[in-house]
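Reading through the structure tokens given below for one structure.
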Amino acid sequence: MKQHVLYEHPKGYLLFEMNEYEDLSQGSYQEYMKLTQVVNLTAKFEFADVQMATQNIQMLCNNKLPKELENFLELNNVKILHCDSSFKQALKEIKIKQKNSINIYRGIKFNEHRFLKSEIDLQFILGVAHTFSRNKVEYNSKKEDNILIHTVNMLEQLEKDINSYSMRIKELYGWSFPELYCACDSIDEYIAAVIFFTTENKNENIKNEKIDELIKLKDNSIGIKINEVDMINIKNLCDIINEKINIKNSLKKYLKEKMLTISPNLTELLGDMMSAKLIVLCGGLCNLAKATASTIQLLGAEKSLFQALKSKSDTPKYGIIFYSKLVSKTQMKNKAKFCRFLASKISILAKIDCFSVNRTNAYGVAIKKVVKKKIKSFDNDKQIEKTDEIMSRVYKKLKTCEK
């Protein structure tokens, strides 16, 4: 039975007929004369345009046979084909046996210019390369979680910087107005108040009523006067903190919008920040979707888990999801049980967000209602609706809306 060798190149396919088997003792087939004794070029197939070439290359990269290649092999009555092993399964479906002849293939590649002769079109090859590369790196909403990871990391770093710098301001400005820190409700408000008293510029982070209250408090303050040089340093540090606060606020808005596009159902259940942190801990939405409920339950508590396993003590019952608003509403004795329940729902919603084509928060809204009923059921022992019933109901509702 005749055996053939397939060689793919940017402009099409070359089909060679083998005269003899590959000699493994042979060093290489780089010499053209030696190679032509082993294989003969029997057929060629050329792509009509760049689009066809790109489609064929993309399918081959996904271990699939393009229709053009199938017809080409069928036309030449190929039964045994020496080619890349990744095509084995696809060739099996069209009843062609796959084999390997690596050295012969290398020899063909080395002498490619001899077989193609004047047919090498550099502009065509460049066009195919550009189109293929562009398709590889084109926008994909599922890859947006990489941007999300960096956004969460930036927010955490900004929080640390703001807290660190604010403590410096508290220590420095505390000599002048020690009562201010206790009078403010947040760090943002405290920094805005310091900026007002040092520069007399009002900030959006503090209200006019609060300013009037703080002015009265400052008049009765026990603080001392600070010299001009120290006051300039405080002003400069306040400007840096204020800039970081503005960046943090804009990043939070961006994160909220991004989470609604990447993971709408998970965001509906947990909120944007908690959902984003879970995605970061898993290394992406796809990894979170693949994770089991028990893994999700312990995300963020890895150190405690390994310490417990090492010391053979009790393992932790929850990780970062312990700090979600839903868990905080349950009693302490029910928190571990509720975390298991919540982790299973997170696992379901992560899968929906990752693999669904049309993204909607309908599943998240329905699951959140059940989760709230679960919190109440710890007190009244009422049974809640099963998850599969909820999912099927939401699915039917979405289908009717599409129609």
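The values are calculated or read from the model by the stated rules, or taken from the named source; none is laboratory data. Every value quoted in this text rests on a predicted model; they were computed, and no experiment measured them. Using ideal geometry, Cβ is built from the backbone for each residue, glycine included, and neighbour counts are taken over all protein chains shown.
Only residues that are surrounded by 13 or more Cβ atoms within 10 Å (Cβ to Cβ) and modelled with pLDDT under 85 were counted in segment 113-127, giving 7. Within segment 18-27, at least one residue is assigned to a loop (DSSP other than H, G, I, E, B), touching a strand residue (DSSP E or B) at 6+ places or on another chain (Cβ under 7 Å) and either hydroxyl-bearing (Ser, Thr, Tyr) or within 20 Å of residue 106 (Cβ to Cβ) (or both). Among the polar types (S, T, N, Q), part of a helix (DSSP H, G or I) and more than 30 Å from the chain's Cα centre (by Cα): is that true of residue 71 in this structure? So residue 71 passes the test. I'd like the residue in segment 165-187 that is part of a loop (DSSP other than H, G, I, E, B) and polar (S, T, N, Q) and, out of all such residues, is surrounded by the most Cβ atoms within 10 Å (Cβ to Cβ). Of everything passing the filter in segment 165-187, 176 is surrounded by the most Cβ atoms within 10 Å (Cβ to Cβ).
Of all residues in segment 333-370, exactly one satisfies the criterion of being under 18 Å from the mean Cα position of the chain (by Cα), assigned to a helix (DSSP H, G or I) and more than 16 Å from residue 267 (Cβ to Cβ), namely 355. From the list 304, 294, 313, the one residue that fits, being at pLDDT 90 or above and more than 18 Å from residue 267 (Cα to Cα), is 294.
When 80, 102 are checked against the criterion of being surrounded by fewer than 20 Cβ atoms within 10 Å (Cβ to Cβ), at pLDDT below 90 and under 39 Å from the mean Cα position of the chain (by Cα), 102 stands alone in meeting it.
Just so you know, in segment 47-76 the residues that are in contact (Cβ under 8 Å) with a residue 60 or more places away in the chain and over 13 Å from residue 13 (Cβ atoms) include one that is surrounded by the most Cβ atoms within 10 Å (Cβ to Cβ), and it is 54. Against the definition (in contact (Cβ under 8 Å) with a residue 24 or more places away in the chain and more than 30 Å from residue 379 (Cβ to Cβ)), how does residue 343 come out, yes or no? No; evaluated as a whole, the condition is false for this residue. Consider residue 41 carefully, then state whether it is at pLDDT below 90 and buried (at least 18 other Cβ atoms within 10 Å of the Cβ). So residue 41 does not fit the description; no.
Of 98, 123, 89, all but one fail to be more than 16 Å from residue 44 (Cβ to Cβ), out of contact with any Gly (no Cβ under 8 Å at 6 or more places or on another chain) and not in a helix (DSSP H, G or I); the exception is 98. State all residues of segment 198-212 that are more than 18 Å from residue 233 (Cβ to Cβ) and surrounded by 12 or more Cβ atoms within 10 Å (Cβ to Cβ); if no residue qualifies, say none. Selection gives 202, 203, 205, 206, 207, 210, 211. Is it the case, given these coordinates, that residue 195 is buried (at least 20 other Cβ atoms within 10 Å of the Cβ), at pLDDT below 85 and farther than 18 Å from residue 252 by Cβ? Here the answer is yes, as residue 195 does meet what is asked.
Just one of the numbered conditions (1) touching a residue at least 12 places away in the same chain (Cβ under 8 Å); (2) over 25 Å from residue 127 (Cβ atoms) is not true of residue 92: (1).
Residues that are within 26 Å of the chain's Cα centre (by Cα) and either charged (D, E, K, R) or in a loop (DSSP other than H, G, I, E, B) (or both) within segment 292-328 comprise 292, 298, 299, 300, 301, 302, 303, 318, 319, 324, 325, listed in sequence order. Across segment 229-269, the number of residues qualifying as among the basic types (Lys, Arg), within 23 Å of residue 354 (Cα to Cα) and either touching a residue at least 12 places away in the same chain (Cβ under 8 Å) or crowded, with 19+ Cβ neighbours inside 10 Å (or both) comes to 3. Might you check whether a residue that is in a loop (DSSP other than H, G, I, E, B), under 17 Å from the mean Cα position of the chain (by Cα), on the phi < 0 side of the Ramachandran plot and at pLDDT 90 or above occurs anywhere in segment 257-279? Looking through segment 257-279, at least one residue is in a loop (DSSP other than H, G, I, E, B), under 17 Å from the mean Cα position of the chain (by Cα), on the phi < 0 side of the Ramachandran plot and at pLDDT 90 or above.
From the list 350, 343, 366, the one residue that fits, being more than 21 Å from residue 284 (Cβ to Cβ), surrounded by 11 or more Cβ atoms within 10 Å (Cβ to Cβ) and among the small types (Gly, Ala, Ser), is 366.
Among the residues of segment 383-403, the ones that are among the polar types (S, T, N, Q) and surrounded by 10 or more Cβ atoms within 10 Å (Cβ to Cβ) come to 2 in all.
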